[in-house]
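Below is one structure; the comments refer to it alone.
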Amino acid sequence: MNRTPVESADLCIVGAGPAGALIADRLASEFDVVVLDAGPRFDDESRLERQERAIRPFFDRPAVWDSDPERDAHAASGEWFYPLNHARVKGIGGSTLHWQGMVMRLHEDDFQSGTARGVGPDWPIEYEDLRPYYADAEREIGVAGAADNPFGPPREEPFPMPAFRPSYSDSLFARACERLEITMHSVPNARNSESYDGRSECVGYGTCQPVCPAGAKYDATVHIDRAESKGARIIDRAQVQHLEHTPEEIQAAVYATPDGTEHRQTADAFVVACGGVETPRLLLLSESSAYPDGLANSSGLVGRYFMDHLFAGVGGVLDERTRQNHVGFFTSESHQFYDDADEEFGPFKLEFFNYAGPSPVELALTGDDWGDELLERLRTEYGNHIAVGGLVEQLPREDSYVGLDPDRTDNHGNPVPDVHWNVGDRALRTIERANEIQREILTELGAEITWTAGPESTGPAYHHMGTTRMGTDPAESVVDPTLQTHDLDNCWIASSSVFPTGGAVNPTLTIAALSLRAADAVESFLAARVSGKLAD
Amino acid sequence: MELSRRDAVAALAAVGGAATAGVGLSRLQSGGSSGDPERRLPGDQQVTETMVAIAEVVYPTAVTGIEPFVEEFLEPRLEPEDHARGIRESVAELEERAESWHGGPVRTLSAETREQLLREVSAHTVDEHPAGTTAEQVRYYVVNELLLALYASPKGGELVGLENPQGHPGGTESYQQGPR
C-alpha cells in the first residue's frame, strides 16, 4: 500500500467519515483530492465476521471494528464518565460503520434556541439556509421515510425511498398512544427499504448497530468509493500528527504511517473532518507561536461546549408477545413534545423500540445451562419485552469540553483527548419529563415496568457536538457559517463539532447537509486558487 | 423439530465460514496448554463426530436431525486456519479427558456422561474466551459454536418464537407480523 503524499493536491481532507467522504465525492471530479484517515480500510468481506463479534459475548463493542487501545486511548475527567470508544470507529467510513442510521432534520427552533427557547445561542444560519442541503443529503445518503411527521420542519419533496412499514409492536403502542393523544409517525432511516444507489435493500440481519453485513445501512464508504472512482486518493492508517501552518494558512498535514514514517501532505485547502473529539484535539495538537493555545483557536473556544444527546427510556414486559428483535432499527417515533422546549425543558423525541429486551442468540451464549433447560430460559426471558426510548438535548456549557490529557499519550506520543463531560440541570429535568410520558404510555399498555433510564442512570448517545462552534463573531466562535475557520484562510471544519446547539435529533443528516454546503464554499475557494495560478 | 443441511446453510448465512479474524493470532501467541504446535490434532471427521455428540447434549431434546446440521455447519467453519485450530484443539482436549476419565471417545459415551464431561471441564460455569483456559476455549469453540449455529438459524429462533433471529438475514416481513 502506497501511503506517500499526493503531489500538488488541491484539497486535503482529514477524516473519512460522512463529512469528509461527502466533500471528497463532491469535489473529486474537479480537483485533486486526498483523504487521510487514522484507521484502516475494512474489507467488506469481513462484515459477517464482525457480526459474529457483535453477537458473541467475548467481544466488546470496540472490538467489532478493531479499536486500538493505544491509538484510541482517551481520558474522561468530567463529572460524567464518557465511554468514548464504545460507538466510534476509526477507519474508512468512520462511525457510520457502527451507527444506528437515524436521519432526521433539526427543527426550525433548533436553529434559534436563544430566540425561541430563551437559552443557548442561535445558529448563524436558519433552517431555510440548510433546507436544500438537507434534501441533497437525503438523496446522497439514501433515506427511507414518509411525510407523516406533523411536528417536523417543512419539506420540499418526498424522501428518496418509502418508509419502512410499522412493526407489530408499533401497533401495540398505537393503541395506548391513541388513548393518550400521542401521535406516532415514521422514522427517517438511512437504510434501504428498497434497492438504492446500487446497494441492497435491508434483509433484516438485525445487527444494524454495530454492523450491517448487507450494506443496506448507509455508511460513508459509499462516498469514499465514489470519490476514489473520480480520482480522489484515499490513504488509510495515516494518523495526522499536526497541521503545519503560517498565521494565515495551513501548509501541510503531517501524518505517520504504520511503519513509523512521517509524511507531509501539502494542499491548497484543508478540511478537518475528524468528529467532535478528534477535530479539536488535532487543532490543539497543532499549537504554534502564532497560535499558542491551538490552531484556529484565537477565540479560546476550540474544544469548549462539548455536547451529547442523553438517552431517556422506560421498559417493561407485557402479558402478551411483543415480537422484538426481528430487526435492529426503529420504525416509529414521536416528535410531539419536541417544540414545547423552553428555558426549563429541552427538546426531546420519543422512539418506540423494535429490539427491546434480550436477543435469544446472545442469551444462549451466556449462562450455565444448555439443552432443555436453556431453551426454557430463552422462552421465559424472550418475547414480552417492550420499551420507549428517546433523546434529550444538552445545552452547551463552557465547562463541558474536549482537552488534551498531558499525562497520557497515544501510540505516537501525542497527548490523548480528555472528554470532560458535564451535563447540566435542564437536560436532567428533560429526561424526567420524557420518563413521565414514557411511563404513561407503558402504564396505559398495561406493562409491568422493569427499568428506567432516568437522570441517575442515563448515558450518552455518542453524538459528539459543539467543540468548534459556528458563528459570525470570531471572538465567540471557531468557524463561520460556511464552516471556514475564522483564523485561517484555507481551512474548513466539517463535523458536528460546529453545532452551536444540539437539538434532540440524531446529528448525521445535519452533518451531511452542512458538509455539502461547505463543499460549495471550498469549491469556490479552490476555483479561485486555480484560476489565480493559471493567471500567474 | 427436525434440523437439516438447509438449516445449517441458513445458520452460516448469519455467521459465515471464517470466524473472528485476528483473534486466532492472539490466541496462538497466548501459549498455554492448548497452544502446542506439535500436538496432533483431530481431523475433520473426528471433529464432526465429537461436535455432533456434544450437540446432542447442548441442543434441546425437541431438536432432531442434528448430525447433518452440524456436519454442514462445520464444513466452512473448519476452513479458516485460526478458528479451525481452536475447534480442533478444544475437541482434542475433550477427547483426552473423555479417554482418561471415562475410558473412551466422546461419541461412545452416554448422553449423561457427555454432559458430565462438559461439567467436569467447567464449560458451564465460564464465559467463552478464544484464548483462555481449556474451559473457556471449550465454551467458545465447542459449546457456543454449536449454540450459535442453532439459535442464529430460523429453526432455532422458531423454538423461542422468533423466526428471524439476530444475525439471520430473514427479510423485513416478520417484524410486521403478530404472534403466530
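A compact table of results
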read-out: Residues of segment B:57-94 with amide N under 20 Å of the 7 Å Cα→Cβ point at B:Ser122; value: B:89-94
read-out: Positive minus negative residues near A:Phe59 (Lys, Arg vs Asp, Glu; Cβ under 12 Å); value: -3
read-out: Sorted largest first, extent of chain B alpha carbons per principal axis (Å); value: 52, 37, 28
read-out: Global size of segment A:173-288 as Cα Rg and Dmax, reported in angstrom; value: 21.4, 65
read-out: Cα principal axis extents for segment A:91-191, largest first, Å; value: 42, 39, 28
read-out: Net dipole in debye of chain B [+1 Lys, Arg Cβ; -1 Asp, Glu Cβ; about Cα centre; nearest 20]; value: 200
read-out: Label-point separation in nm, A:Thr183 to A:Ala535, each point 7 Å along Cα→Cβ; value: 5.4
read-out: Theoretical gain in end-to-end length, A:Asp319 to A:Lys230 [0.36 nm per residue, Cα-Cα removed]; value: 26.4 nm
read-out: Listed residue (B:Asn164, A:Val119, A:His335) projecting farthest to the positive dipole end of the protein assembly as shown, Cβ model; value: B:Asn164
read-out: Distance from segment A:477-536 to segment B:75-97 (C-alpha centre basis), Å; value: 53
read-out: Helix axis angle, B:111-121 relative to chain B longest principal axis, alpha carbon, degrees; value: 60
read-out: Rg(Cα)/(2.2 N^0.38 Å) for segment A:432-536, N = residue count; value: 1.66
read-out: Solvent-free Debye scattering, log10 I(q)/I(0), computed from the Cα coordinates of segment A:24-135 at q = 0.24 Å⁻¹; value: -1.22
read-out: Longest exposed-site-free window of chain A, the sites being GluC sites (Glu not before Pro) in a DSSP loop that have at most 12 other C-beta atoms within 10 Å; value: A:249-342
read-out: Sites matching GluC sites (Glu not before Pro) across segment B:88-176 that sit in DSSP coil, with at most 11 neighbouring C-beta atoms within 10 Å; value: none
read-out: Chain A: relative contact order as a whole-number percent, Cα under 8 Å and 6+ apart; value: 23
read-out: Over segment A:392-476 - Rg/Rh using Cα atoms and the Kirkwood inverse-distance radius; value: 1.14
read-out: Segment B:108-180 pair-distance distribution - Cα-Cα, 10 Å bins, rounded %; value: 19, 33, 27, 16, 4
read-out: Cβ-derived FRET efficiency at R0 41 Å, A:Thr380 paired with B:Thr133, nearest 0.05; value: 0.85
read-out: Loop-located trypsin sites (Lys or Arg not before Pro) in segment A:96-187, at most 15 other Cβ atoms within 10 Å (DSSP); value: A:Arg155
read-out: Fully extended contour minus Cα-Cα distance, from A:Arg439 to A:Ser77, at 0.36 nm per residue; value: 127.0 nm
read-out: In sequence order, calculated HN-Hα J values of segment A:38-54 (Karplus, 6.51, -1.76, 1.60; Hz; x Gly/Pro); value: 5, x, x, 9, 7, 7, 4, 5, 7, 5, 5, 4, 5, 4, 4, 4, 5
read-out: Under-5 Å amide H pairs with A:Gly390, H placed in peptide plane, nonlocal only; value: A:Ala312, A:Glu351
read-out: Cα-based reach from A:Lys217 at 20 Å (exclusive), listing lysines while leaving out same-chain residues under 8 positions away; value: A:Lys90
read-out: Kirkwood hydrodynamic radius of the protein assembly as shown, from inverse mean 1/r over distinct Cα pairs, in Å; value: 26.8
read-out: Inter-label distance for A:Asp473 and A:Arg165, nm, one decimal - labels placed 7 Å from Cα along Cα-to-Cβ; value: 5.4
read-out: Residues with amide H under 5 Å from that of A:Gln112, placed H, sequence gap 5 or more; value: A:Trp123
read-out: Note, ³J(HN,Hα) from phi for segment A:523-536, Karplus 6.51, -1.76, 1.60, rounded to Hz, x at Gly and Pro; value: 4, 4, 4, 5, 4, 5, 4, 5, 5, x, 5, 5, 5, 5
read-out: Helix A:127-141 axis, angle to chain A major axis (alpha carbon atoms, nearest 10°); value: 80
read-out: Length-normalised contact order for segment A:448-534 - Cα pairs under 8 Å, 6+ apart - percent; value: 23
read-out: 3J(HN,Hα) from dihedral phi, segment B:60-67, Karplus parametrisation 6.51/-1.76/1.60, rounded to Hz, x for glycine, proline; value: x, 5, 5, 9, 10, x, 5, 4
read-out: Extension gain from A:Arg155 to A:Asp44, taking 0.36 nm per residue of separation minus the Cα-Cα distance; value: 36.5 nm
read-out: Charge dipole magnitude, Cβ of K and R +1, D and E -1 - the protein assembly as shown, Cα centre, debye nearest 20; value: 820
read-out: Residue-averaged 222 nm ellipticity for the protein assembly as shown, from DSSP H runs of 4+ at -39500 (n - 2.57), nearest 500; value: -10000 deg cm²/dmol
read-out: Average other protein chain Cβ within 10 Å of Cβ, residues A:371-384; value: 4
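Coordinate-derived values only; no laboratory data. Predicted, not measured: the structure shown is a model, and the values here were computed from it. Reconstructed Cβ throughout: ideal geometry from the backbone, glycine too, with neighbour counts over all protein chains shown.
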